[in-house]
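Enquirer: Below: one structure in structure tokens.
Laboratory data are not the source of any read-out in this text; all were calculated from the coordinates shown. Keep in mind it's a predicted model, so treat the numbers as computed, not measured. So basically every Cβ, Gly included, is an ideal-geometry build from the backbone, and we count neighbours across all protein chains shown.
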Amino acid sequence: MATIQMSVRPEDLSQVPRGQERIPDPGILVIFGASGDLTKRKLLPALFHLRQADLLPREFAIVGVARRGLASEFAEDMRKGIIEFGGVEADDPKLDEFVSHISYFALNFDDPSHYANLKAELDRIDKERGIGGNRLFYLATAPDFFAGIIENLGAQGMAQPEKGLVAVVIEKPFGHDLESARLLNHQVNAVFHESQVFRIDHYLGKETVQNLLVFRFANGIFEPIWNRNYIDHVQITVAETLGVEGRGPFYEKAGALRDVVQNHMMELLSLVALEPPSSFEAESVRREKLKVWRAIPTVPILNTVRGQYGPGIVDGQRVIGYRDEERVNPESGTETFAAMRLEVENWRWAGVPFYLRAGKRMKKRATEISIQFKQPPLLIFNRLHTTNPCQAIQPNLLTIRIQPDEGIALRFGAKVPTTPEMAVCPVNMDFDYEGAFGKSSANGYERLLLDAMLGDQTLFAHRDGVETTWALFTPILQSWAAKKPEVFPNYFAGSWGPECADHLLEHDGRAWRNDLGRS
Ligand code: BG6
């Protein structure tokens, strides 16, 4: 398909008004579960990127908390992580100074007495660095430990200190169904006020996800057509080529629906579907998202599909099936693919299907949202010309590439030059983030960590939102659990998922878009 590239003029970029970036007050970031991959691969590189951009306070400390006794190696291990995963040069002039702010504290998460020691250690660091009591507790442990850690922080008076501001960041998964999410919310709110709670979904830190709001509400031309009168349907795909990457035990309990649909995909859907918030403030944005989720009626089980990958070829490499992965049950019934058709029953969207699919070991890595517009009321071209190079006129399609190849493309019909008849061919207007703004090494956690330190909850989940999305998916999970899938594995690694997922759309006379990525 012919493509028209779109670019940003340097003179426009240089005139973009930049808000005065706020810098958080001095504080201590305490990371529970610091020996896990997340800390080294994402959190520390993101914190260092903030340091490079001079967005960290002058005085800060990072305390890694874990059960393993890593004290001597911890800071060095984090330095390696920053270099390897943060795209940072080993001789970066700010690296040594940054690493000097990192320390380690060994703690048994279940042992209340250890928290008294942790408190004493944090008070010591606080005094030494003149921090003033501000603390951010980041829970990056296995979810089974969340409630215990929170309770112990509360019992030691660390959640409501005499001075300073304290907040808690909680990694996903936040619960595994409605009941567990409600219980966890209850346990969290028994210790921390909701304004102190930051439930993280790293998708919201992605620039392209934030850009969805800008695209919709900073541009005048899309809003009038962003509704059931013009939009035929919406597809959201989160396709990964990776398998479970050694996370077998976690994934066995999670599955695709819990792992990415209930959280990341629901966030994407809400940003496509929400009404214009009155401001870009936490309460306004969260309120509008909640309205979207509440407008989704129960999804009939017939409108859902689950799949599990067998062996196959991904990116030219032979890979094993899910059941042969490390620490996975050889007869596992866990889904590595989930798809569904749902609707948002409100004035704007009534009758517009939203098709969602997420899968591991798919043909291509691509997270995309595509908005297909309705055909014009009368097709006056291509009616008689069977020799036309583009037989059927394709409807307008707006594709938002969340990752990789971040960008936005709009497909429209153009007249094929030099043909005597009015031949119409689809062409693409394509905006590519990297081409326009340059490559970024940010991983999404920069923005979220900074916001949490600043106390801005806009990009974090609220308890009502979490419970509403779980309420939607819990019946599906229950129904899937009650009936073991008959034919697992049902798709080859390296394919677009099980065939039955195609039927979801075929019933409606539609098809999944499989030409994902940049055209
Ligand atoms: C995580 C899931 O939340 O998101 C992983 O637990 C998944 O299974 C990952 O691979 C996808 O995130 P990203 O940013 O790589 O698209």
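Enquirer: If the chain between residue 94 and residue 429 were fully stretched, how many nm would it gain, using 0.36 nm times the residue separation less the Cα-Cα distance?
Expert: Answer, rounded to one decimal: 116.5 nm.
Enquirer: What shape does segment 204-506 have by the C-alpha gyration tensor, where a ≥ b ≥ c are the square roots of the eigenvalues, rounded means a/c under 1.5, and otherwise prolate means a/b greater than b/c and oblate the rest?
Expert: Numbers: a/c = 1.57, a/b = 1.20, b/c = 1.30.
In terms of gyration-tensor shape, oblate.
Enquirer: Still on this model: Can you show me the helix-derived [θ] at 222 nm for the chain, built from DSSP H runs with n ≥ 4 at -39,500 (n - 2.57) apiece and divided by the number of residues, rounded to the nearest 500.
Expert: -9500 deg cm²/dmol
Enquirer: Rounded to two decimals, what is the ratio between the C-alpha radius of gyration of the chain and 2.2 N^0.38 Å?
Expert: After normalising by residue count via 2.2 N^0.38 Å, the value is 1.04.
Enquirer: So, in Å, what gap is there between the alpha-carbon centers of segment 416-441 and segment 167-183?
Expert: 43
Enquirer: Follow-up. Mind giving me the FRET efficiency for residue 508 and residue 345? R0 is 22 Å, r the Cβ-Cβ distance, nearest 0.05 is fine.
Expert: 0.85
Enquirer: Go through 80/364; 42/80; 363/484; 42/172; 42/289 and tell me which ones have a Cα-Cα distance over 24 Å in this structure.
Expert: Table pairs above 24 Å Cα-Cα are 80/364; 363/484; 42/289.
Enquirer: If I model a spin label as a point 7 Å beyond the Cα along the Cα-Cβ vector, how far apart are those points for residue 22 and residue 486 in nm?
Expert: 5.7
Enquirer: While we're looking at this one, here's another question. At a 10 angstrom cut-off on C-beta neighbours, averaged per residue, how do the peptides 320-330, 394-404 rank from highest to lowest?
Expert: Packing order, densest peptide first, comes out as 394-404, 320-330.
Enquirer: Can you give me the distance in nm between label points at residue 478 and residue 422, each placed 7 Å from the Cα along the Cα-to-Cβ direction?
Expert: The answer from the label model is 5.6 nm.
Enquirer: Once both labels are modelled 7 Å past Cα along the beta-carbon direction, what's the residue 182-residue 113 spacing in nm?
Expert: 3.8
Enquirer: Between segment 27-67 and segment 97-134, what's the alpha-carbon centroid distance in Å?
Expert: So the separation of the two Cα centres works out to 13 Å.
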